[in-house]
1. Residue check: is Thr29 of a type in the set (Val, Ile, Thr), modelled with pLDDT of 90 or more and more than 11 Å from the chain's Cα centre (by Cα)?
2. Among the residues of the range 16-71, what is the count of those that are under 23 Å from Tyr6 (Cβ atoms) and acidic (Asp, Glu)?
3. Considering each of Ala38, Ala22 in turn, give the residue that is of a type outside the set (Val, Ile, Thr) and under 15 Å from Glu62 (Cα atoms).
Amino acid sequence: MDFQQYYLELFEMLNATCKKIASGKYDDTDADRLFELAKHPRYPAFLSELAESFGMMLVKVEAREFRMQQIIEDLEAAKARLEKCAPTGDQDT
């Protein structure tokens, strides 16, 4: 087995996957590939540790995005409630 070529291919796969994730243009297959590369006994430790680190970053970013979307929805609902309660300004006072 040509270990040099094997490692290069693994790093190229990790690099391509991380680039897609960093650009925000990734899908579940890319995330699955990243977590596959994080399997310690199956892949070299230095590669799997890198993949695991990038995977944790991905999870944290997705969690933040999910929370941010929840906050936006809460704010929009609060705005709608306030608009219902607020005077329209069309009345002469």
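1. When the stated conditions are applied, Thr29 passes them.
2. 5
3. Details: Ala38 fails: under 15 Å from Glu62 (Cα atoms).
Every option except Ala22 fails the conditions.
The values are calculated or read from the model by the stated rules, or taken from the named source; none is laboratory data. Treat the numbers as computed from the prediction; the structure is a model and nothing was measured. Using ideal geometry, Cβ is built from the backbone for each residue, glycine included, and neighbour counts are taken over all protein chains shown.
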